[in-house]
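Step one of this worksheet: look at the structure below.
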Amino acid sequence: MTEVLFHAVRELIRSCDRAALATALPSAAEGNPAWPYVSLVLVAVDHDLSPILLLSDLAEHSRAIAADQRVSLLFDGTAGLEQPLTGARVSLLGRVARTDDDRPKRRFLARHPDAAMYAGFKDFHFYKVVPERAHLVAGFGKIRWIEAAELLAVPPLPELMESEEGIVRHMNEDHADAVQLYAGKLLGLSGSTWTMTGIDAEGVDIRQAGEVARLAFETPLAAADEARKTLISLVAKARAI
């Protein structure tokens, strides 16, 4: 049951394309303590569950990060609920640092294609948050802390990380009908212009205009070469509905 819970937490984090970023904003007055500061940010999540951010040097949260790398990200899974406080939300705590690695940059831009318009500006930089622990609130009385080792029980697959971009391109260019089946039949979503934006060991991410969705695999991939077989089996499952 515990692993089911951890899996649900990972899926909640991966399903969100935005989060509330909490930082410690330095005080302008000498000797005064930093103030908590919260802002809305777009987010993609890497294979190792590290959130990827694209931030401007001009933003207040970037000034805060320069002084203190400790951050918290709130991932909200309560949208659409009549009683929001009965839904799940996760506060992910970690330390953030700039990254010059092109692969997470590409993963972020696949998740947020419109960000390509400003991602190349000199004052914008990519960051990754290394998770240290998470706080889950899954409704009244369903509250617990989760340590990083528990949260990251499914390790990333290096070969899948390297082949991800090619898999996503192949699915969108040659098997667009399969992606629509995933969205319409398996997730019950409307629309016919869904595209795949990412694949990791536990599922695939899809997007249509401003809407994102997550299709989790029944069991995590143990190796990168299992991706093709799993994607084909999902098509068969969708056509059988």
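Each reported figure results from applying straightforward, stated rules to the coordinates on display, with no laboratory input. As the structure is a computational prediction, the values presented were derived from the model and not from experiment. Note: ideal-geometry Cβ built from the backbone for every residue, glycine included; neighbour counts use all protein chains shown.
Each Lys and Arg contributes +1 and each Asp and Glu -1, all at the Cβ; summed about the Cα centre of the range 158-239, the dipole is approximately 460 debye. A straight line joining the Cα centroids of the range 21-60 and the range 158-179 runs 32 Å. With 0.36 nm allotted per residue and the present C-alpha distance subtracted, the I232-E82 stretch has 50.4 nm of extension available.
Between D48 and K142, full extension at 0.36 nm per residue minus the direct alpha carbon distance yields a gain of 31.3 nm. Bridgeable lysines around K185 (alpha carbons under 24 Å apart, same-chain partners fewer than 8 residues away excluded): K229, K237. Summed over qualifying helices (DSSP H, 4 residues or more, each -39500 (n - 2.57)) and divided by its residue number, the chain shows a 222 nm mean residue ellipticity of -9000 deg cm²/dmol. Computed over the chain with a Gaussian network model linking Cα atoms closer than 10 Å, the most mobile of G198, G94, G80 is G80. When each of V168, V204, V130 is scored by the number of other beta-carbon atoms lying within 10 Å, the sequence from fewest to most is V130, V168, V204.
Take every Cα pair under 8 Å in the chain that's 6+ residues apart, average their separations, divide by the length, and report that relative contact order as a whole percent. Computed value for the chain: 17 percent relative contact order. Within the chain, the selection of entire DSSP H helices by a Cα span of 15 Å or greater along the long axis and an average Kyte-Doolittle value of at least -0.5 returns 2-15, 227-239. One chain, two ends: R106 and R169. Fully extended at 0.36 nm per residue, the span grows by 21.5 nm beyond their Cα-Cα distance.
Divide the volume of the convex hull around the Cα atoms of the range 158-239 by the residue count and you get 83 Å³ per residue. This model, with +1 at the C-beta of Lys and Arg and -1 at the C-beta of Asp and Glu, gives the chain a dipole about its Cα centre of some 400 debye. Spacing of the modelled spin labels on M117 and L5, each 7 Å from Cα toward Cβ, amounts to 4.3 nm. Quick check on the range 55-106: take the gyration tensor over C-alpha atoms, sort the square-rooted eigenvalues as a ≥ b ≥ c, and tell me if it's rounded (a/c under 1.5), prolate or oblate. Prolate, since a/c reaches 1.5 and a/b exceeds b/c. Recomputing Rg/Rh (Cα atoms, Kirkwood Rh) from the coordinates shown identifies the correct label among (i) 1.07; (ii) 0.98; (iii) 0.94 as (ii). Just checking the listed ones, P51, P84, P131: in the Gaussian network model of the chain with Cα springs under 10 Å, the one fluctuating most is P84. Report the calculated FRET efficiency for L58 and R239 (r = Cβ-Cβ distance, R0 = 41 Å), to the nearest 0.05. Rounded to the nearest 0.05, the efficiency is 0.25. Mind giving me the FRET efficiency for D225 and R95? R0 is 41 Å, r the Cβ-Cβ distance, nearest 0.05 is fine. Given R0 = 41 Å and the Cβ-Cβ separation, E is 0.75.
Placing unit charges on each Cβ (+1 for Lys and Arg, -1 for Asp and Glu) gives the chain a dipole about its Cα centre, and among V71, V9, L221 the Cα reaching farthest toward its positive end belongs to V9.
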